[in-house]
Amino acid sequence: MNTKIKLFSATLIALTGLFGVVNFAYAQSVTITTCTSATVNGTITSTSGGVQTSAWFEWGTSYVAVDSGAGTDTSTQTFSTPQDFSQLISGLSPSTTYYYRAVVSNTYGTAQGGTRSFNTPACSVPPPVVTLPTVSTNSASSVLQNSATLNGYVTSNGANVNTWFEWGTNYSLGNTTSNVNYGNTATSFSNSLFNLNANTTYYYRAVAQNSQGTVQGSILSFTTSGQYVPPPVPIPPYVSTNSASSVLQNSATLNGYVTSSGTNTSAWFEWGTSYSLGNSTSYNSYGTGAISFNSSLYNLNPNTTYYYRAVAQSSYGIVYGSILSFTTTGQTYVPPPVVFGFAPTASTLLATELTGTTAKLNGLVFTSGNLSSSAWFEWGVTSSLGNTTQTINVGALPVVKHSDFITGLTNGQTYYYRVVAENSYGKSYGGVNTFVSETNTYVVTPPPVRPVVLRPTTTVITRGSSAQSLASLSIEGGAEMIGSGEKRTYRVTWKNDSTQPLKNVVLRVTFPQSMNVDSATKGSFSSSDNSVIVDLKTLAPKEEGDTFIFATSGRGLKPGELLVVTANMVYTGINGVQGDAIAYVTHRAEAAQNAIGANIFGAGDFVPTTLFGWILLMILVLVLVLLGNHLYGRFSESK
């Protein structure tokens with residue numbers, strides 16, 4: 001029923017605020033909606049000059065409880081202008097007296113109106129009785145080779161009901177469809193199954209649930225038809241190695257063809273002076289199409305045979321093309337007007353100045369001779385990266401520290417990044433690093449507010465160490481020239497030069513991919529970026545230390561190739577500001593030292609690595625034995 005019971009008005013007077021403003025509100029009529037619910041109404045005539053005002057009702061069956069503020073509160077409504085307001089009260093008992101009063105509150109105080117009452121009428125129809133739902137399993141329909149539709153019927157029996165199906169290839173079932181709510185009703189319902197096996201019997205039953213519990217229908221079955229045709233199996237990409245082109249005395253262009261098979265695919269070349277190859281060109285992504293690709297090689301030896309093959313990779317694995325070869329010419333070579341003729345070398349450093357929404361990315365760029373280079377960062381929320389910073393010309397100085405800020409980050413999110421450098425000879429990628437975007441938790445005195453200009457910076461650093469205000473860092477690695485397979489010992493030293501303790505101190509020593517890290521006296525090895533991580537935690541004032549790292553150069557070094565080992569330390573001072581220190585050592589690859597070891601036995605060690613080398617070693621041993629026997633015989637005769 002919708003009978004309105006008019007009650008006389010009551011005036012609510014709020015506490016007077018600091019400016020003497022008083023709130024006024026009047027209780028209005030009560031609308032009896034049913035025998036178990038009612039709507040109480042009121043009017044706010046003043047809101048203290050536009051101040052946000054909250055309003056609600058207190059109610060209950062006890063006058064004393066309501067009048068003392070111990071009644072049940074309705075939800076709160078907020079107003080800034082005079083207006084009517086109301087609240088629905090449900091779950092009431094029929095033929096019962098209820099008491100209520102209006103309440104208003106703002107920053108100046110809280111006031112209650114007088115306590116009033118109303119009576120709920122008797123219910124002409126008793127409330128519905130809720131029981132368990134009733135559900136039945138009906139015959140399946142649209143049964144095909146790989147799909148079918150399950151059917152059922154449900155009666156809710158007085159409450160909202162949810163339904164689904166349980167199914168499987170035996171009476172244990174084991175699978176369920178999605179849960180669907182059909183309200184307080186009686187209805188047919190269904191759900192379709194896909195990717196079923198052909199000529200297979202499946203069992204199923206309907207299930208229903210309301211506030212009283214869960215019931216199941218009887219178990220029925222159906223059999224799919226026809227011959228099973230499996231879904232297409234994802235296949236790896238296809239790659240082929242094509243003939244080299246533009247073969248000159250010191251350069252050549254490698255060619256290949258890749259078909260992605262529908263997934264994002266990267267491709268590159270492996271090459272070297274033997275079937276072992278040992279060198280790789282840069283990786284490039286070619287999307288999901290089919291395309292020819294190529295890569296140029298420089299600084300090759302004249303009159304030399306090189307072997308190469310195309311390689312492709314997608315989420316389904318790595319595939320290789322056949323190994324082909326080409327031979328450089330012996331014609332007179334006119335070098336370009338660049339001193340070294342190499343692409344720049346890039347080394348990714350640790351990120352600093354994390355604020356939760358911004359971060360400063362850092363990297364080192366080792367330029368080639370006097371050739372100008374450009375640098376930028378690639379970054380993203382996965383190792384696929386996807387975003388780039390602006391490209392900056394970092395000049396032609398031998399070593400440049402390149403930094404750039406990225407903004408719009410999400411606090412707590414892990415980000416991946418790397419530095420990239422490029423000149424006319426090619427492009428170089430630093431290792432992929434990660435950081436978690438988060439704000440420092442240290443309590444510091446905030447500096448004066450001033451605008452922050454986010455711009456890329458390039459800072460020249462001194463070879464072998466970096467000048468920092470709080471900490472110093474250095475690395476020693478022996479002679480600059482390094483040969484293939486040569487073992488080196490690196491000593492990294494650090495010191496807290498300041499008079500304050502440093503915390504969150506982490507040291508990272510990164511080696512080029514062409515070097516193998518054998519062991520270290522401190523820290524742990526990370527194979528993902530070929531680095532040693534030392535968690536120093538804290539450094540007391542003037543505290544210093546060191547670590548030794550043992551590494552071996554690879555066997556596929558090109559003469560003149562630049563190898564860079566970088567040490568990068570980050571720390572946090574007592575004021576919560578993060579700083580870093582950088583040091584590095586460089587090597588130049590030299591030509592093979594031992595013609596016999598390198599050419600006959602296939603490596604720089606005495607033990608051969610090829611079948612031809614083993615045969616020569618056996619012949620050499622046999623000759624030495626025969627020579628020994630001959631000399632021993634002559635010695636015996638003379639004696």
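A few notes on this one:
- Scan of the stretch 203-223 for residues that are buried (at least 18 other Cβ atoms within 10 Å of the Cβ) and without any contact (Cβ under 8 Å) to a residue 60 or more places away in the chain, ordered by number: none
- Per the listing Thr81, Thr163, the residue uniquely hydroxyl-bearing (Ser, Thr, Tyr), assigned to a loop (DSSP other than H, G, I, E, B) and in contact (Cβ under 8 Å) with a residue 12 or more places away in the chain is Thr81.
- Residue in the stretch 303-319 that is farther than 16 Å from Ser384 by Cβ, hydrophobic (A, V, I, L, M, F, W, C) and surrounded by fewer than 19 Cβ atoms within 10 Å (Cβ to Cβ) present: yes
- Of the listed requirements (1) without any contact (Cβ under 8 Å) to a residue 40 or more places away in the chain; (2) part of a strand (DSSP E or B), Asn184 misses just one: (2).
- Some residue of the stretch 588-598 being modelled with pLDDT of 80 or more, touching a Ser or Thr at 6+ places or on another chain (Cβ under 8 Å) and not in a loop (DSSP other than H, G, I, E, B): yes
- Candidates Thr155, Thr177, Thr185: the one that is modelled with pLDDT under 95 and surrounded by fewer than 13 Cβ atoms within 10 Å (Cβ to Cβ) is Thr185.
- Candidates Asp546, Asp497 - the one that is surrounded by fewer than 21 Cβ atoms within 10 Å (Cβ to Cβ) and in contact with a Lys or Arg (Cβ under 7 Å, 6 or more places away or on another chain): Asp546
- Members of the stretch 265-282 found to be free of Cβ contacts under 8 Å to residues at least 60 places away in the same chain and either within 31 Å of the chain's Cα centre (by Cα) or outside the structural domain of Ser315 (by TED's automatic domain parsing) (or both), listed by number: Thr265, Ser266, Ala267, Trp268, Phe269, Glu270, Ser280, Thr281
- If only residues of the stretch 561-581 that are aliphatic (A, V, I, L, M) and over 30 Å from Gly483 (Cα atoms) are counted, the one that is modelled with the highest pLDDT is Val570.
- Residues satisfying the stated conditions in the stretch 102-142, i.e. among the hydrophobic types (A, V, I, L, M, F, W, C) and surrounded by fewer than 17 Cβ atoms within 10 Å (Cβ to Cβ): Ala122, Cys123, Val125, Val129, Val130
- Only one of the listed residues (Lys542, Lys558, Lys537) is at pLDDT 80 or above, not in a strand (DSSP E or B) and not assigned by TED's automatic domain parsing to the domain that holds Ser347. That residue is Lys542.
- Ser528 passes every criterion in (1) part of a strand (DSSP E or B); (2) within 30 Å of Ser383 (Cα to Cα); (3) not acidic (Asp, Glu) apart from (1).
- Tally, over the stretch 410-436, of residues that are surrounded by 20 or more Cβ atoms within 10 Å (Cβ to Cβ), part of a loop (DSSP other than H, G, I, E, B) and under 26 Å from the mean Cα position of the chain (by Cα): 2
The values are calculated or read from the model by the stated rules, or taken from the named source; none is laboratory data. What you see is a predicted model; the values in this text were computed from it and never measured. FYI the Cβ positions are ideal-geometry reconstructions off the backbone, even for glycines, and counts take in every protein chain you see.
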